[in-house]
Amino acid sequence: MLTIKNVIFDFDGTIVDSWPVLEAAVEKFGEKFTGRRVSQEEIEAAKGMTIQDVLAKYQVTPLKIFWYRGEILDFVELQMVTAKIVSGVKQLLNELKKMGCKLFILTSNREKTAREFLSRNGIDTEITIYSERNLLGKAWGLRKIVRQNKLKNKETVYIGDETRDIEASRRAGIKVVAVTWGFNKKEILVKFKPDLVAGKPEEVRKYVRNGGSLMAAGREIKIGGRMD
């Protein structure tokens with residue numbers, strides 16, 4: 001049985017229930033990026049799209065992202081004060097640490113924003129936080145974490161809520177668990193064939209505890225786009 005010793009978490013949508021933050025950000029910045037107001041229906045529809053398709057549809061260029069990045073990060077930092085942690089994730093982090101796992105967070109937010117959120121939510125578990133500025137640069141960030149901490153790829157898993165998290169993990173050569181409580185819908189996550197599609201934090205814990213076993217959740221679960 002394979003042993004998972006290192007768990008890397010995405011932040012927004014995976015640890016943080018950040019949908020209200022996203023809605024507020026779109027309300028504030030949507031017109032600046034697209035030239036018009038983005039409707040609630042359009043925001044909901046984005047759940048079934050890749051980030052690349054969303055950016056292309058609304059003609060959001062890397063230059064626009066760079067131009068407004070500081071303003072967006074300031075706004076998100078303020079919104080995080082009232083943001084909630086995903087139910088069950090605090091317990092998951094504590095249990096993984098008790099199991100002896102090394103824990104990491106890879107986020108596009110400032111490290112300070114993530115650290116303060118964890119503190120406000122009573123999470124004192126030792127977690128190393130990496131901030132990646134490039135919206136589409138998660139593979140580079142994952143490789144950096146693996147390299148700098150001398151981790152073994154086969155012992156490392158990334159937990160994320162978007163298709164780009166799956167793609168980044170594949171490029172970085174590590175396992176990936178896609179969670180359905182975040183941004184992307186289950187249907188599109190399955191199409192990208194992660195090692196596990198988890199509907200609850202408890203399923204992540206069992207997957208890690210069982211060393212990446214395909215029957216990690218103790219029931220029929222979607223693995224790599226098929227029923228096992």
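No lab work stands behind these numbers, since they all come straight from the coordinates. No experiment lies behind these values; they were computed from the predicted model shown. Note: ideal-geometry Cβ built from the backbone for every residue, glycine included; neighbour counts use all protein chains shown.
Quick notes on this structure:
- Full extension of the chain between L63 and T128 gives 20.4 nm of extra length, using 0.36 nm per residue less the Cα-Cα distance.
- Among A56, A25, A139, the largest mean-square fluctuation in a Gaussian network model of the chain, built with springs joining Cα atoms closer than 10 Å, belongs to A56.
- Other-chain or far-sequence residues with amide H under 5 Å of G13's (modelled H): S18
- Cβ-placed point charges (K, R +1; D, E -1), dipole of the range 19-79 about Cα centre in debye, nearest 20: 240 debye
- Highest mobility in the GNM of the chain, judged by mean-square fluctuation with C-alpha springs under 10 Å and restricted to K193, K112, K138, is found for K112.
- Of the trypsin sites (Lys or Arg not before Pro) in the range 1-110, those whose Cβ has at most 10 other Cβ within 10 Å and which sit in DSSP loop: R36, R37
- Against the main long axis of the alpha-carbon atoms of the chain, helix 19-34 sits at an angle near 40°.
- From phi via Karplus (6.51, -1.76, 1.60), per-residue ³J(HN,Hα) for the range 4-14 in Hz, x at Gly/Pro: 9, 10, 10, 10, 9, 10, 5, 9, 5, x, 9
- Highest mobility in the GNM of the chain, judged by mean-square fluctuation with C-alpha springs under 10 Å and restricted to Y158, Y130, Y58, is found for Y58.
- Alpha carbon convex hull of the range 75-194, projected area averaged over orientations, nm²: 7.5 nm²
- Inter-site label distance for K200 and E41 at 7 Å from Cα along Cβ, in nm: 3.5 nm
- FRET efficiency estimate (nearest 0.05) - Cβ-Cβ, R115 to A56, R0 41 angstrom: 0.80
- In the chain, the calculated helix contribution to ellipticity at 222 nm averages -13500 deg cm²/dmol per residue, counting -39,500 (n - 2.57) for every DSSP H run with n ≥ 4.
- Sorted largest first, extent of the range 19-79 alpha carbons per principal axis (Å): 27, 25, 20
- Here the extension length gained between K191 and E23 equals 57.9 nm, from 0.36 nm per residue of separation less the Cα-Cα distance.
- Compared with the dominant principal axis of the Cα atoms in the chain, helix 62-79 is inclined by about 70°.
- Distance between the C-alpha centres of the range 156-208 and the range 100-130: 19 Å, rounded to the whole angstrom.
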